[in-house]
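Below you will find the structure I want to go over with you.
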Amino acid sequence: MEKGTFAKYMNKTFRVSDRNGNRIELVSEDQADVNNGFKE
């Protein structure tokens, strides 16, 4: 089992990153997600 906080979005599971306390970011290890709006 992986440690951390995860969220399901568009039927995929992503790691959640809390950058500055005001917003969260979904983190993907899948390079194909760059085509879906993720930043490198």
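Computed from the coordinates by the stated procedures, all read-outs in this text should not be read as laboratory data. A quick note: this is a predicted structure, and the numbers were derived from the prediction, not measured. Cβ placement follows ideal geometry from the backbone for every residue including glycine, while neighbour counts extend to all protein chains displayed.
What order do you get for 25, 40 when you list them from fewest to most C-beta neighbours inside 10 Å? Please report the intermediate quantities before stating the final value.
Working: 25 13, 40 5.
With the sparsest Cβ surroundings first, the list reads 40, 25.
Determine ³J(HN,Hα), in whole Hz, for all residues of segment 32-40 in sequence, where each value follows from phi through the Karplus function 6.51 cos²θ - 1.76 cosθ + 1.60 and θ = phi - 60°; x replaces Gly and Pro.
Here the 3J(HN,Hα) series is 5, 5, 4, 6, 9, x, 6, 9, 6 Hz.
Report, in debye and to the nearest 20, how large the dipole of the chain comes out about its Cα centre when Lys and Arg carry +1 and Asp and Glu carry -1 on their Cβ. Present the calculation step by step, with values, prior to reporting the outcome.
Numbers: 7 positive and 7 negative charges, 37 e Å.
Computed about the Cα centre, the dipole is about 180 debye.
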